[in-house]
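The values are calculated or read from the model by the stated rules, or taken from the named source; none is laboratory data. Just so it is clear, the model here is predicted, and its values are computed rather than measured. Here the Cβ is made from the backbone with ideal geometry for all residues, glycine too, and neighbour counts use every protein chain on show.
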């Protein structure tokens with residue numbers, strides 16, 4: 001072998017060693033500055049409450065500030081687009097919900113799934129159907145009977161067109177044969193505000209944001225999704241108990257980074273999230289809000305998203321749900 005060939009091989013080997021060392025150094029150093037945590041929903045909603053809980057724990061464990069930035073609007077597109085336009089260095093992450101799967105089924109988006117790097121899921125939760133106290137009904141059967149007696153006259157809020165809240169209400173309508181008017185909002189907090197104010201009559205809400213208003217009597221809870229009553233709302237019957245079996249709508253919350261983020265950083269962030277959601281304090285605080293720790297690493301998370309996309313696409317087609325861009 002010539003001296004030139006040996007020199008080339010040595011240079012290549014040195015390059016590989018430097019690359020490996022650089023990746024290890026990047027993983028070791030991360031994070032070395034504040035992290036921006038994007039919530040694509042308004043402050044006060046379920047995603048925001050969860051985001052601030054986990055961001056606080058990340059700040060405590062890493063010694064770097066994790067700042068929650070609310071970027072609501074556009075059916076979560078605004079917040080998602082902010083992520084994909086960020087540098088793929090681990091210093092901007094997105095806490096998305098099930099809407100991340102739903103929106104592309106309903107409308108065109110300025111990004112594709114390839115623009116995201118899944119990190120992990122962190123929590124899951126059920127939805128609770130709440131009504132304004134002025135609605136002359138005290139349980140789900142009475143709500144359905146009222147809706148049937150006044151087709152198209154009751155209106156329901158959602159935290160956005162094409163959201164889990166919207167799909168869930170359309171599924172309920174399909175299963176029970178009722179017709180209601182949809183009033184979309186730019187998040188859960190404004191939807192709840194108008195429900196309390198009487199501008200809308202019903203809302204299929206996440207439990208964290210609805211629970212305080214249920215306890216104060218500002219809204220009435222008539223049914224909760226899931227197989228059993230959540231510890232946060234033990235007095236509220238499930239949809240099955242209330243007379244509508246097989247109503248299977250739940251949400252999950254997950255973390256994404258921009259595509260191209262180094263795997264070493266993704267893995268480090270994923271491992272830390274797994275540790276945090278397993279903490280007894282975090283479990284307790286999640287349970288109080290009607291959420292369950294739900295850690296799933298990236299590979300399994302991708303498969304779960306595909307399964308959800310297939311399932312919800314059937315509801316969207318049956319209900320003929322469309323969103324205009």
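Residues that are over 16 Å from the mean Cα position of the chain (by Cα) and either free of Cβ contacts under 8 Å to residues at least 24 places away in the same chain or surrounded by fewer than 23 Cβ atoms within 10 Å (Cβ to Cβ) (or both): does the stretch 117-129 have at least one? Looking through the stretch 117-129, none of the residues is over 16 Å from the mean Cα position of the chain (by Cα) and either free of Cβ contacts under 8 Å to residues at least 24 places away in the same chain or surrounded by fewer than 23 Cβ atoms within 10 Å (Cβ to Cβ) (or both). Taken over the stretch 283-295, the criterion of being in a helix (DSSP H, G or I), at pLDDT 90 or above and surrounded by fewer than 21 Cβ atoms within 10 Å (Cβ to Cβ) is satisfied by 283, 284, 285.
Just one of the numbered conditions (1) touching a strand residue (DSSP E or B) at 6+ places or on another chain (Cβ under 6 Å); (2) on the phi > 0 side of the Ramachandran plot is not true of residue 191: (2).
I'd like the full set of residues that are out of contact with any helix residue (DSSP H, G or I) (no Cβ under 8 Å at 6 or more places or on another chain) and in contact (Cβ under 8 Å) with a residue 40 or more places away in the chain, limited to the stretch 268-281.
Narrowing the stretch 268-281 to residues out of contact with any helix residue (DSSP H, G or I) (no Cβ under 8 Å at 6 or more places or on another chain): 269, 271, 274, 278, 280-281.
Selection gives 269, 274.
Within the stretch 78-96, not a single residue is touching a residue at least 24 places away in the same chain (Cβ under 8 Å), within 20 Å of residue 289 (Cβ to Cβ) and in a helix (DSSP H, G or I). The number of residues in the stretch 240-254 being in contact with a helix residue (DSSP H, G or I) (Cβ under 7 Å, 6 or more places away or on another chain) and closer than 12 Å to residue 126 by Cα comes to 4.
Give the number of residues within the stretch 63-83 that are more than 19 Å from residue 190 (Cβ to Cβ) and surrounded by fewer than 20 Cβ atoms within 10 Å (Cβ to Cβ). The qualifying residues number 6.
Conditions tested, residue by residue: (1) on the phi < 0 side of the Ramachandran plot; (2) in contact (Cβ under 8 Å) with a residue 60 or more places away in the chain.
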site	(1), (2)
205	yes, yes
231	yes, no
235	yes, no
243	no, yes
250	yes, yes
254	yes, yes
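Tally up the residues in the stretch 143-189 that are touching a residue at least 40 places away in the same chain (Cβ under 8 Å) and surrounded by fewer than 17 Cβ atoms within 10 Å (Cβ to Cβ), please. Final tally of qualifying residues: 3.
Quickly run through the stretch 299-317 and pick out the residues that are in contact with a helix residue (DSSP H, G or I) (Cβ under 6 Å, 6 or more places away or on another chain) and farther than 21 Å from residue 255 by Cα. 313, 315, 316 - these are the residues of the stretch 299-317 that are in contact with a helix residue (DSSP H, G or I) (Cβ under 6 Å, 6 or more places away or on another chain) and farther than 21 Å from residue 255 by Cα.
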